[in-house]
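S.K.: Structure below; questions to follow.
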Amino acid sequence: MSRLRADDLPNCLQDLEAGAVDFVVAYASRKASPIAGLRDIEGVRIGRDLLIPVAKRGVDGRPMFTLDRRNSVAIPFLRFGATAPISRHIEPLLRTRELRARLQVVYENSMGGALRIRVRDGTGLAWLPKSLVAPDLEARILAQAGAGRWQIPLDIMLYKMRQQENALTNKIWGFLKERENRPLLATEEA
């Protein structure tokens, strides 16, 4: 039997260590890893994504808010909560590019879907996974709110305990590990 459960990442990792789940799927980047410091957990990359700044598209077709133009007005910022693991990927960019002074937090939520709703309403700018907002970009509801230098590459990782007794889990892991550097789908880029 298989079952999929969505939960806060710290709870998922705790359940993985306790043997209550076989796998955990999470984002990792060069700046942050959800398993940093956890020696008994190993990961395999199963996909890639990007965190991109997005904003509602204005009547002129451009994003209502953009990081590429400097002005004296603060940009309304919709951010992941400080305890949301995905915020660990964004914070280094905010620090190194000195964006904090340009962004005014107007809404905070740990759920990407909730931030997406606020972006679609025109409340502000948010960094969201491209896979989440791709339909909105295609439908021209949202627009990227900055050039490529504002994007954050992410690996989609599958994690498991190093010592795994379950034969089926080990078989799945072996298959994914063998294919780690090859796309799972013919249309996916390596």
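S.K.: If you stretched the chain out fully between residue 17 and residue 5, how much longer would it get, using 0.36 nm times the residue separation minus the C-alpha to C-alpha distance?
M.R.: Extra length available between residue 17 and residue 5 comes to 2.7 nm.
S.K.: Figure the gain on full extension for residue 25 and residue 140 (residue separation times 0.36 nm, minus the Cα-Cα span) and round it to one decimal in nm.
M.R.: That works out to 38.4 nm of additional length.
S.K.: So what are the range 1-160's ellipsoid semi-axes, whole angstrom, largest first, if each one is the square root of 5 times an eigenvalue of the alpha-carbon gyration tensor?
M.R.: Result for the range 1-160: semi-axes of 31, 17, 13 Å.
S.K.: Turning to a different aspect of this structure: For the range 1-97, what's the relative contact order in percent, using C-alpha pairs closer than 8 Å and at least 6 residues apart?
M.R.: Value for the range 1-97: 23 percent.
S.K.: What number comes out for accessible area per residue over the chain if the probe is 1.4 Å? Units Å², please.
M.R.: Working: 11430 Å² over 190 residues.
In whole numbers, the chain has 60 Å² accessible per residue.
S.K.: Follow-up. What is the antiparallel percent of DSSP beta bridges lying wholly in the chain, to the nearest 5?
M.R.: 75
S.K.: With all protein chains present and a 1.4 Å probe, how do 7, 136 order by accessible area, largest first? Show your work: numbers first, answer last.
M.R.: On the way: 7 75, 136 5 Å².
The residues order as 7, 136, largest area first.
S.K.: Taking every Cα atom in the range 39-103, find the radius of gyration and the maximum pairwise distance Dmax, and write them in Å.
M.R.: Cα-based Rg and Dmax for the range 39-103 come out at 15.6, 52 Å.
S.K.: Determine the principal axes of the Cα atoms in the range 91-187, then give the extent along each, sorted from largest to smallest and rounded to whole angstroms.
M.R.: 50, 31, 25
S.K.: Hey, another quick one. Using the Kirkwood radius over C-alpha pairs as Rh, can you work out the diffusion coefficient of the range 1-56 via Stokes-Einstein at 20 °C, viscosity 1.002 mPa s, in µm² per second?
M.R.: 162
S.K.: With a 1.4 Å probe and all protein chains kept in place, how do 24, 105 rank by accessible area, largest first?
M.R.: The ranking, largest first, comes out as 105, 24.
S.K.: Shifting gears a bit: In the chain, carbon and sulfur make up what percent of the accessible area (probe 1.4 Å)?
M.R.: Roughly 50 percent of what the probe reaches on the chain is carbon or sulfur.
S.K.: Which trypsin sites (Lys or Arg not before Pro) does the range 81-153 hold that lie in a coil by DSSP with at most 10 other beta carbons within 10 Å? Write down the numbers at each step before the final one.
M.R.: Details: sites: 88, 95, 97, 100, 102, 116, 118, 120, 130, 140, 149; in loops: 97, 140.
In loop regions of the range 81-153 (DSSP not H, G, I, E or B), the sparsely surrounded trypsin sites (Lys or Arg not before Pro) are 140.
S.K.: With an 8 Å cut-off on Cα pairs and a minimum separation of 6 or more residues, tell me the relative contact order of the chain in percent.
M.R.: For the chain, the relative contact order is 36 percent.
S.K.: May I ask for the Rg/Rh ratio of the range 72-126, computed from Cα atoms with Rh as the Kirkwood radius, given to two decimals?
M.R.: On the Cα set of the range 72-126, Rg over Rh gives 0.96.
S.K.: Given the Cα-Cα distance of residue 163 and residue 71 and 0.36 nm per residue of separation, how much length would full extension add, in nm?
M.R.: 27.7 nm
S.K.: Give a quick list of GluC sites (Glu not before Pro) in the range 86-147 that DSSP marks as loop, anything other than H, G, I, E or B, with at most 14 other Cβ atoms within 10 Å. Could you put the intermediate results ahead of the total?
M.R.: Working: sites: 98, 108, 138; in loops: 98.
When the GluC sites (Glu not before Pro) of the range 86-147 are filtered for loop state and at most 14 Cβ neighbours within 10 Å, 98 remain.
S.K.: Related question: Take a quick pass over the chain and tell me how many lysine pairs come in under 19 angstrom between Cα atoms, counting only ones 8 or more apart or on separate chains.
M.R.: The number of close lysine pairs in the chain is 4.
The values are calculated or read from the model by the stated rules, or taken from the named source; none is laboratory data. Not measured: the values here are computed from a predicted model. So basically every Cβ, Gly included, is an ideal-geometry build from the backbone, and we count neighbours across all protein chains shown. Calculation scope for accessible area: heavy atoms of the full protein, side chains included, ligands and nucleic acids excluded. Shrake-Rupley method; radii C 1.70, N 1.55, O 1.52, S 1.80 Å.
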